[in-house]
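Peer 1: First the structure, which I've put down as structure tokens, then a few questions once you've had a look.
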Amino acid sequence: MPGLRVVPGYEVCGIPAHQGVSETQRKGSHVIMPKVEQSSTIPVPVPDHKELRLRTGTLMSIIRQTRLPRALFE
């Protein structure tokens, strides 16, 4: 399985936006994108930083919370 690339925060926000998860608010340097499921809403905070890396776990956490395929972020 290929590794995740280093991506800027604005690009990470664009991937869920194409899948129907949109930005609702900004708080400091973070963008809050709620993932609406059947009976719940999961707030997904995305840091709006220059680069997000796999080794910090931030990008993997965003992938888990949005429940989008990892292949979209590779």
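Laboratory data are not the source of any read-out in this text; all were calculated from the coordinates shown. Remember, it's a predicted structure, so these values are computed and weren't measured experimentally.
Peer 1: Going by a ≥ b ≥ c, the root eigenvalues of the Cα gyration tensor, does the chain fall in the rounded group (a/c under 1.5), the prolate group (a/b larger than b/c) or the oblate group?
Peer 2: Details: a/c = 1.86, a/b = 1.24, b/c = 1.49.
Oblate.
Peer 1: Of H49, H30, H18, which has the largest mean-square fluctuation in a 10 Å C-alpha GNM of the chain?
Peer 2: H18
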